[in-house]
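Nothing in this text is a laboratory measurement; each read-out follows from the coordinates by a stated rule. All figures in this text were calculated on a predicted structure; none of them were measured in a lab. Here the Cβ is made from the backbone with ideal geometry for all residues, glycine too, and neighbour counts use every protein chain on show.
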Amino acid sequence: MNTVAEKKHRVIEPDSLIGKRIRKMDAPEKASGRTRYIHDINLSGQLHGKILRSARIHALIKSIDTSAARALPGVHVVITAADIPDQRPIGVAKDHFPLKVGRVRSQRDEIAAVAAESEEIAEAALKLIKVEYEDLPVIGDPEDAIKPGAVLIHPEPHGADGTHMHLKQGMSIAHKGKPDNIAMRFDYSHGDVVKGEAESDVVIEDTFKLHYVTHCCMGVSGMIAEFDASGNVLMYSNTQVPFLHKREFAEYLNIDPARIRIIQPPIGGGFGSKLDIYPFEVICLYLARAAKRPVKMLFTREEEFLASPTRQPVLLTLRSGCKKDGTLTFRQVHTLHDNGAYTSWGATTPFVMMQTFSSLYRVPHCDYHTAAVYTNNPYAGSFRGYGNLQATFAIEQHMDMLAQSIGMDPLEFRMKNAQDAGEVTGQGMSFKSCGFKDCIRTAAQRSDFSHKFGENQANQKAPGTVKRGIGMASMLHVGGGAKIYPSDGCGTILKMDDFANVTLITGASEIGQGSETVLSQLVCEELGLPISAVTVVNNDTAITPWDVGVHASRTTFIAGNSAIGAAKKAKAKILAVAAKKFEIAEDYLDLRGGFVIKADSGEAVIELSKLLRNLHFQDKAELVMTTFYYEPPSVHQDKGFKGDVSAAYAWGTQVVEVEVDTETGIVKLIKVTGAHDVGRVLNRLGIEGQIEGGVVMGQGYAFTEDLMIENGRMKNPNFRDYKLVTAPEIPEMDIAFIESMDGEGPQGAKGVGEAPAICMAAAAANAIANATGVRLFELPFTPEKVYRALHGKTPKLYWKPWKAE
Amino acid sequence: MSLKHDIEFTLNGVKRRVQVDVTMNALAMLRDVIGLTGTKYGCGEGECGACTIQVDGVSLNSCLMFAVDCDGREVTTIEGLANDPQADALRDAFVEHGAVQCGFCTPGMVMQADHILHKHEHPDEGCVKRGLEGNLCRCTGYKKIVDAVVACGATEK
Amino acid sequence: MTELKHYYAPTSLDQAVECLKDGDVTILAGGTDLTPQSQAGRIKFKHTLMNIRHIPQLSGITLEGDEIRIGALATITEIMEHPLVKQHLPVLVEACDHFASDQIRNAGTIGGNICNASPAGDTLIPLLVLDARVELASMPEDKLYRHSMPLSTFFVGPGKTRKSLCELVTGVRIPVPAANHVARFYKLGTRPALDISTISIGVAGCLNGGVLSQVRVAFGAVAPTPVRAEQTEQALEGKPLDAATIEKAAAIARDEVHPIDDVRASAWYRKEMIHNITKRILGHVAQA
């Protein structure tokens, strides 16, 4: 039994949660099947929404007859563009309407929508809608989109007399069209590539082709929309950016953003797919508005494939040079991005790609150009890594090829050009913490890279049908947010109850990555509490403070610093109260193990919960509630894309080992050795999970996943022929963490969410080249593609560099 | 009007009678008729395993089974397993090993893992990987799921 | 929305074949194919949906004389775990192990796999090289009529067989192989299972002093149905299994198949793989 005297003299030993293996807070619910995802929520009075998509790839809509659908019993609402006169253009470039007006430009295009008593009735109604089309020529290849006289995907409207209509300046592409097929262009340079090339002893140029893949979140897309009696909107949404979308949805509905509330139920996977607003979400709102009933809309898996964004497909020609001593001299990059029919975030991946080209290695002269062009293909969105997988695929193959051409060991070549802390790159990125060389060294040592590289190379021509290969690739990615929007910040509200439990109200969304757990850990570290003392609220715009969203590997860094800020304020208040009460200077006090303690001895002063009750239940009653808003010390890029856009940068090296069966082309991924500069490990269990999941996602990109699009039509919208990696296919994984202790990072940590997927394809390509002497420039490395290449049946890819005028 | 049929079966240890559309699959019956939403729709084609349940002691994709075919049989869903003390160790292993991220595949994974553990006393890594080949996960890269099942098998009994 | 008017779950074979008399019946066994196909509207239900699960005559795996009989309702899991199959038909176990996933193996039936007549059906290739016969039942008058036919003549096209609408597949019969019988199966793919074959190959025969006789070679996913490769068989029949014979047989195999391009592979690659894998398998057989 504890007496008061004993309690007073109790010593609380120091303890820390940082770096420990902390259970994910919502895991027990999820493992019991109790978690309610959007699919599992049903509101009373709810109708079911379904969308009629285009039967054609590129066509004019001549007529739509919905009369039979409207007459079907159980159908409440049928809408087409004609029924929604106030449609506003949506998307990153505001180049389409949720319900398409007069023209369809891709297989996924939305023509009509139904809200009915059941999904079955809604589907039956869709079948009754008659649409007449007039086919237009299809652009299925981005190279065709830039040919002179190419069919325009968004032609400027003509008046009845055939003359151009004069439309108001500032109107969007959806209204006024575009005189060419160029959706976006990016032109960046530092130094003088002509000079760089002149100084080079070796110059190489190659074209690389990156394919379509898609997110394949296990939970299909969906949402529930409801208008209340006063016209306020409640949405259950899977968005990763609730606050940005609140504003955007308001614009699309032509109402005050204050009238929109977004609740985010647990989400069945994100990976960047939920950063844009898609037509189905706006259409669901239209249906709910028209029906005056809640409307739930869920995709089928086939629809998820057909109508979700993809990773940005890229055609890329890279010209690189170096001196005989291994110094990089220049890089020149031209890419053609297949934008698809509309513009989503995929078009903007050059923001990330050019960073890799300009700044992963020290390169004095760099020139980068992208044209994102309209086609009739699916449109590309943001996807974990955001262009970096594509850029790294090209650059890291060239690193091996340059090394080979000057007879230098690829490891030594990389070490010679790798960045160090203190560097400010040509693009203006400032590397305050940088464990890059440690990553290279560690991954190489742990995998016995140099030894195996030489051995495999020597074995290329030896007898035997199975060849082993080892390859390396490295990456640079933002690790301290990315200042793209006016703010890159996150807010926290922290309140403590009279039992010293914390409610952490954060703007940061949880998408399965474990943010709720890591944020709780950081708060507990400040307040000396166990994880069990924290409840996290993170899913309701009516409650949570603003945050820019879950993207750019930013949540641990930005929301973490914000949570720490709120916790520090709470701690200061608590210690001030304790100092006064016990007449001990604040500096001599600390929080630990649920107690206020003496900082030097660890001696307990008072139980924290008791102190909080004292504070609360007194004459001048007070509660401990704090708020904090963290904005990282990064800057916006200037018009030339220069500037220190992130508060910290993450680094990583992955070494991939493969076995190539030269008689079948089957490449077996044996082992991945990774070393990641994560600043500091916060939750070891969580960060391992992020890396392993990312590695396997990168494996899918490199080897198995291929969304096949032929003339705008998707050929494999199912898991049977779109192959995700399955459990028996995963490699052995050896992951090391480099702790560079970033000065700005929460407890020294940097972001890592996207990093592990980035290097895999590049390292795999290098491993296959090491095994066979044959280099592959096009993804994915399916058995047939590899077999063809090994048997000289793959014509050399070449795309002549082209730049939009 | 779609054809209906009355069936009687044991669901998570409780006998029940339910009227279903003859063309409906067992997944739709569990989720939409009975209201147990722990069993997930991932693809509807037996390719992802999110809808895994156990029928007469073996694991199946409920999306590949007619609801009427449950007649007279013994069906266990994740909700049934969640009430089974013997399955606590497995659930705890998933939590302790970090086998859960977004969690959408997790109920199906747990159901299939439970089946593996009933079939193999101490399954090794290879056995567990093969056993889980019909369950897709997009978050974890499978390693921690496999670790959880192997560890659970190693400590059981 | 559907023309389905009747659901029926007979408990005897007589009841089932009587129901089949008018031919307007959709048959449900394991459901692993019918469920998604009908949900997606790719299969239209007929007047009656007949669930054959409760018919005892369709179950079980038994030794009957010099044949192993596998009931149509035997699941892939039951087959691969059955002692008789493990002992006498290891090549069938091998193919079952590459079949879909555990969940589908637990539900999918051999009868269903045969009736689906997929060109890439995993169990069909070993059954072909094992000289399997399909058992059929019907009720032409008022009496149960049962007969069988060689599996090699059963398939007509993708999803099409010689089974009439009034017939029910009740099982499959496989002669117990001789002691010197060898058989191999290979399915090309990057995954152990859960994969539609790019190509699959079955080879069987009796091996006497390095000479292969009663040769059976079958290929999957290279034609509208699983096929026996007769020219390849002839090239091997009675020949010593040396490097020259193997190379010649592999080359004939490549020329004998006429696959198509699809999302899984090109015809060219399939032909290359037929050559390379036939050669590889025969090499393994020669070493056996």
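Which one of C:102, C:66, C:262 has the biggest mean-square fluctuation once chain C is modelled by GNM with Cα springs under 10 Å?
In this elastic network of chain C, the residue with the biggest mean-square fluctuation among C:102, C:66, C:262 is C:262.
If the reach is capped at under 14 angstrom between alpha carbons, list the aspartates and glutamates near residue A:598, excluding any in the same chain fewer than eight residues apart.
The reachable aspartates and glutamates, counting only those whose Cα sits under 14 Å from residue A:598, are A:13, A:583, A:586, A:587, A:590, A:607.
By count of other Cβ within 10 Å, fewest leading, how are C:11, B:10 ordered? Walk me through the numbers on the way to the answer.
Details: C:11 12, B:10 16.
By the 10 Å Cβ count, ascending, the order reads C:11, B:10.
Name the long-range amide H neighbours of residue A:535: under 5 Å, sequence gap of 5 or more, or other chain; modelled H, no Pro or chain starts.
A:502, A:503, A:504
Just to check, using Stokes-Einstein with a Kirkwood Rh over alpha carbon pairs, what's the diffusion coefficient of the stretch C:57-175 at 10 °C and 1.306 mPa s in µm²/s? Don't skip to the answer; put the middle values down first.
Numbers: Rh = 14.3 Å.
For these conditions, the coefficient is 111 µm²/s.
Show me the trypsin sites (Lys or Arg not before Pro) within the stretch A:618-685 that DSSP assigns to loop and that have at most 14 other Cβ atoms within 10 Å of their Cβ.
Values: sites: A:620, A:639, A:642, A:668, A:671, A:680, A:684; in loops: A:620, A:639, A:642, A:680.
Within the stretch A:618-685, the qualifying trypsin sites (Lys or Arg not before Pro) (loop, at most 14 other Cβ atoms within 10 Å) are A:620, A:639.
Considering the options C:17, C:118, C:155, tell which one lies farthest towards the positive end of the dipole of chain C, charges being +1 on Lys and Arg and -1 on Asp and Glu at the Cβ, about the Cα centre.
C:118
Please tell me which of these pairs span more than 22 angstrom C-alpha to C-alpha: A:437/A:796; A:785/C:187; A:100/A:127; A:324/A:467? Numbers along the way, then the final one.
Numbers: A:437/A:796 34 Å; A:785/C:187 18 Å; A:100/A:127 18 Å; A:324/A:467 30 Å.
Over 22 Å apart, Cα to Cα: A:437/A:796; A:324/A:467.
Rounded if a/c is under 1.5, else prolate if a/b beats b/c, else oblate: with a ≥ b ≥ c from the C-alpha gyration tensor eigenvalues square-rooted, which is the protein assembly as shown?
Details: a/c = 1.43, a/b = 1.30, b/c = 1.10.
Because its axes are fairly even, with a/c under 1.5, the protein assembly as shown counts as rounded.
Rounded if a/c is under 1.5, else prolate if a/b beats b/c, else oblate: with a ≥ b ≥ c from the C-alpha gyration tensor eigenvalues square-rooted, which is the stretch A:149-295?
On the way: a/c = 2.65, a/b = 1.51, b/c = 1.76.
Judged from the Cα gyration tensor, the stretch A:149-295 comes out oblate (a/c at least 1.5, b/c at or above a/b).
For a quick check: with amide H placed at 1.01 Å from N, whose amide H comes under 5 Å from residue A:649's, ignoring anything fewer than 5 positions away on the same chain?
Placed amide hydrogens put A:432, A:433, A:479 under 5 Å from residue A:649.
Tell me the mean residue ellipticity at 222 nm calculated for chain B from its helices only (DSSP H runs of n ≥ 4, each -39500 (n - 2.57), averaged over every residue, nearest 500). Walk me through the numbers on the way to the answer.
Details: 5 runs with 48 residues, N = 157.
Theoretical 222 nm ellipticity from helices: -9000 deg cm²/dmol.
Please state, to two decimals, what the Cα-based radius of gyration of the stretch A:227-359 comes to when divided by 2.2 N^0.38 Å (N = residues).
Numbers: Rg = 20.7 Å, N = 133, 2.2 N^0.38 = 14.1 Å.
Cα Rg divided by the expected 2.2 N^0.38 Å: 1.47.
List the aspartates and glutamates whose Cα sits under 18 Å from the Cα of residue A:432, skipping any in the same chain fewer than 8 residues away.
A:420, A:423, A:631, A:644, A:677, A:739, A:742, A:744
From the helices alone, meaning DSSP H stretches of at least four residues, give me the mean residue ellipticity at 222 nm for chain A, per-run term -39500 (n - 2.57), in deg cm²/dmol to the nearest 500.
On the way: 22 runs with 216 residues, N = 805.
That comes out to -8000 deg cm²/dmol.
DSSP H helices in chain A with Cα extent of 30 Å or more along the helix axis and mean Kyte-Doolittle hydropathy at least 0.0?
Numbers: long enough: A:560-582 (32 Å, 0.25).
Result, helices passing both filters: A:560-582.
So for A:799, A:345, A:651, fewest C-beta neighbours within 10 Å to most, what's the order?
Lowest count first: A:799, A:345, A:651.
Note down the relative contact order for chain A as a percent, whole number, built from C-alpha pairs under 8 angstrom at least six residues apart. Don't jump to the answer; show the numbers that get you there.
Working: 1982 pairs, mean separation 132.0, N = 805.
16 percent.
Can you tell me, using C-alpha contacts under 8 Å and at least 6 residues apart, the relative contact order of the stretch C:1-139 as a whole percent? Present the calculation step by step, with values, prior to reporting the outcome.
Working: 202 pairs, mean separation 34.1, N = 139.
In percent, rounded to a whole number, it is 25.
Given Cβ point charges of +1 (Lys, Arg) and -1 (Asp, Glu) and nothing else, what value in debye, to the nearest 20, does the dipole of chain C about its Cα centre take?
380
Divide by every residue of chain C the summed helix terms, -39500 (n - 2.57) for each DSSP H run of at least 4, and state the resulting mean residue ellipticity at 222 nm, rounded to the nearest 500 deg cm²/dmol.
Estimated from H runs of four or more residues: -9000 deg cm²/dmol.
So what are the ³J(HN,Hα) numbers for the stretch A:203-210, from phi and the Karplus equation (6.51, -1.76, 1.60; θ = phi - 60°), rounded to whole Hz, Gly and Pro as x?
Along the stretch A:203-210, the couplings run 10, 10, 9, 8, 9, 10, 10, 10 Hz.
Report the label-to-label distance for residue C:149 and residue A:599 in nanometres (one decimal), using points 7 Å from each Cα along the Cα→Cβ vector.
Calculated label separation equals 9.1 nm.
Rank B:67, B:78, B:22 by how far each Cα sits towards the positive end of the charge dipole of the stretch B:4-81 (+1 on Lys, Arg Cβ; -1 on Asp, Glu Cβ) and give me just the farthest.
About the Cα centre, the residue reaching furthest to the positive side is B:78.
For the stretch B:144-154, what does the Karplus curve 6.51 cos²θ - 1.76 cosθ + 1.60, with θ = phi - 60°, yield as ³J(HN,Hα) per residue in whole Hz, taken in order and with x for Gly and Pro?
Per-residue couplings from phi come out as 6, 5, 4, 4, 4, 5, 4, 5, 5, x, 6 Hz.
Pull out the extension gain between residue A:202 and residue A:501, defined as 0.36 nm times the separation in residues minus the alpha carbon to alpha carbon distance; nm, one decimal. Please list the in-between numbers first.
Values: separation 299, 0.36 × 299 = 107.64 nm, distance 6.39 nm.
Extending this stretch completely gives an extra 101.3 nm.
For residue A:201, enumerate residues with amide H under 5 Å from its amide H, sequence gap 5+ or separate chain, H modeled in the peptide plane.
Result for residue A:201 returns A:322, A:323, A:324.
Pairs to check: A:24/A:571; A:209/A:416; A:569/A:610; A:178/A:800; A:483/A:571. Give those whose C-alpha atoms are more than 21 Å from each other in this structure.
Details: A:24/A:571 25 Å; A:209/A:416 28 Å; A:569/A:610 19 Å; A:178/A:800 25 Å; A:483/A:571 30 Å.
Over 21 Å apart, Cα to Cα: A:24/A:571; A:209/A:416; A:178/A:800; A:483/A:571.
About the Cα centre of the stretch A:409-539, how large is the charge dipole given +1 on each Lys and Arg Cβ and -1 on each Asp and Glu Cβ? Please answer in debye to the nearest 20.
With only Lys, Arg, Asp and Glu charged at Cβ, the dipole is about 880 debye.
Return the loop-located trypsin sites (Lys or Arg not before Pro) in the stretch A:413-477 (DSSP other than H, G, I, E, B) with at most 15 other Cβ atoms within 10 Å of their own Cβ; answer none if there are none.
Details: sites: A:414, A:416, A:432, A:437, A:441, A:446, A:452, A:461, A:467, A:468; in loops: A:432, A:461.
Taking the stretch A:413-477 and a limit of 15 other Cβ atoms within 10 Å, the loop trypsin sites (Lys or Arg not before Pro) found are A:461.
So if I place +1 on the C-beta of Lys and Arg and -1 on the C-beta of Asp and Glu, and nothing else carries charge, what would the dipole magnitude of the stretch B:19-144 be about its Cα centre? I want it in debye, nearest 20.
Working: 10 positive and 18 negative charges, 91 e Å.
Roughly 440 debye for the stretch B:19-144.
Which GluC sites (Glu not before Pro) in the stretch C:37-93 sit in a loop by DSSP (not H, G, I, E or B) and have at most 13 other Cβ atoms within 10 Å of their own Cβ?
Working: sites: C:64, C:67, C:78, C:81; in loops: none.
Of the GluC sites (Glu not before Pro), not one in the loops of the stretch C:37-93 has a Cβ with at most 13 other Cβ atoms within 10 Å.
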